[in-house]
Amino acid sequence: GQQLNQSPQSMFIQEGEDVSMNCTSSSIFNTWLWYKQDPGEGPVLLIALYKAGELTSNGRLTAQFGITRKDSFLNISASIPSDVGIYFCAGHGSGNTGKLIFGQGTTLQVKP
Amino acid sequence: GAGVSQSPSNKVTEKGKDVELRCDPISGHTALYWYRQSLGQGLEFLIYFQGNSAPDKSGLPSDRFSAERTGGSVSTLTIQRTQQEDSAVYLCASRGAGELFFGEGSRLTVL
């Protein structure tokens, strides 16, 4: 089935640094989504991308839908301690737009 | 409530027992999803309901797992004859016109 490969698996950075993570797939996805999960909570949607090449920002977060429709990245600028958590990419595949597939997650730790 | 509600929040059971996990989606959302998240892992798709269509059960790991959605609203995920490897957080999400909104999950521990 369709799979998303997310990297890096984990990051440990200094407060104020910028962060970049990405997701790739061997198959085409029609949408790319980025979620954040805090401990003990369900994932919360950060950014949704619906068109190839689309670049969208949400505050300090910026994400892009790759032009090949097989990849996406998420950047966080000027990280702060509350950015700590697990970030997941997710996508609706071309064959079944209802089913949402998730990447393995990137665990972010920020040192004050 | 305004969000997706799941119960119980925590469940400890003995190996071999059956468990039921409940999900109350956001009112008016036609799509409902179940995912499983093992410790330190990503979200594993289990099943997806959309309106009155037949559910997509392609992610259910074995025939011990089943789910139903009554009246197009509340859903119950049932795990029969639980095994230790079933221990995980089971997350429910619902979707209306936009994207998925998740509940806080039900943490299942099988002893």
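Could you state the orientation-averaged shadow area of the convex hull built on the Cα atoms of the stretch A:1-53, in nm² to one decimal? The partial results should precede the final answer.
Values: hull surface 21.2 nm².
Quarter of the Cα hull surface area: 5.3 nm².
Per residue, how many Å² of accessible area does chain B show with a 1.4 Å probe? Don't skip to the answer; put the middle values down first.
Numbers: 5430 Å² over 111 residues.
That works out to 49 Å² per residue.
Which parts of the stretch A:37-70, residue by residue, lose 50 Å² or more of accessible area when the rest of the protein chains are there, as against the chain isolated (1.4 Å probe)?
In the stretch A:37-70, residues shielded by partner chains: A:43.
With a 1.4 Å probe, what is the total accessible area buried between chains A and B, in Å² rounded to the nearest 100?
Details: alone 5890 and 6120 Å², together 10630 Å².
By this definition, chains A and B bury close to 1400 Å².
Rounded to a whole number of µm²/s, how large is the Stokes-Einstein D of the protein assembly as shown at 4 °C and 1.567 mPa s, given Rh as the Kirkwood radius over C-alpha pairs?
On the way: Rh = 18.0 Å.
In µm²/s, the coefficient is 72.
Would you work out what percent of the accessible area of chain A, with all protein chains in place, is carbon or sulfur (probe 1.4 Å)? Walk me through the intermediate numbers first.
Values: 2660 of 5200 Å².
Roughly 51 percent, rounded to a whole number.
Considering the dipole of the protein assembly as shown built from charges on the beta carbon (Lys and Arg +1, Asp and Glu -1) around the Cα centre, which of B:19, A:109, A:21 is farthest to its positive end?
B:19
Taking every pair of alpha-carbon atoms in chain B, give the share separated by more than 20 Å as a whole percent.
Numbers: 2033 of 6105 pairs.
For chain B, the fraction of Cα-Cα distances above 20 Å is 33 percent.
Between residue B:104 and residue A:27, take the C-beta separation as r, use R0 = 30 Å, and let me know the FRET efficiency to the nearest 0.05. It would help to have the intermediate numbers written out before the result.
Details: r = 31 Å, r/R0 = 1.04.
With R0 = 30 Å, the Cβ-Cβ based efficiency is 0.45.
In the structure displayed, which of A:70/A:111; B:11/B:57; A:51/A:111; A:51/B:11; A:70/B:11 lie more than 30 Å apart, Cα to Cα? Could you put the intermediate results ahead of the total?
Values: A:70/A:111 32 Å; B:11/B:57 24 Å; A:51/A:111 35 Å; A:51/B:11 41 Å; A:70/B:11 39 Å.
From A:70/A:111; B:11/B:57; A:51/A:111; A:51/B:11; A:70/B:11, over 30 Å: A:70/A:111; A:51/A:111; A:51/B:11; A:70/B:11.
Could you tell me which of rounded, prolate or oblate describes the stretch A:27-98, using a ≥ b ≥ c as the square roots of the eigenvalues of the alpha-carbon gyration tensor, with rounded for a/c under 1.5 and, failing that, prolate when a/b is larger than b/c and oblate otherwise? Working shown, then result.
Details: a/c = 2.82, a/b = 1.50, b/c = 1.88.
In terms of gyration-tensor shape, oblate.
Round to a whole angstrom and tell me the spacing of the C-alpha centers of the stretch B:11-30 and the stretch A:44-63.
Cα centroid to Cα centroid, the span is 32 Å.
Counting Lys and Arg as +1 and Asp and Glu as -1, what is the net charge of the other residues whose Cβ lies under 11 Å from the Cβ of residue A:13? Display every interim value, and only then the final one.
On the way: positive: A:111; negative: A:15, A:17, A:18, A:83.
For residues surrounding residue A:13, the net value is -3.
Treating only the Cβ of Lys, Arg, Asp and Glu as charged (+1, +1, -1, -1), what charge dipole size does chain A show about its Cα centre? Round to the nearest 20 debye.
Details: 7 positive and 8 negative charges, 78 e Å.
With Lys and Arg at +1 and Asp and Glu at -1, about 380 debye.
The values are calculated or read from the model by the stated rules, or taken from the named source; none is laboratory data. Predicted, not measured: the structure shown is a model, and the values here were computed from it. Heads up, the Cβs are rebuilt from the backbone with ideal geometry, glycines too, and the neighbour counts pull from every protein chain shown. The area values use the complete protein model at the heavy-atom level, side chains included, leaving out ligands, DNA and RNA. Shrake-Rupley method; radii C 1.70, N 1.55, O 1.52, S 1.80 Å.
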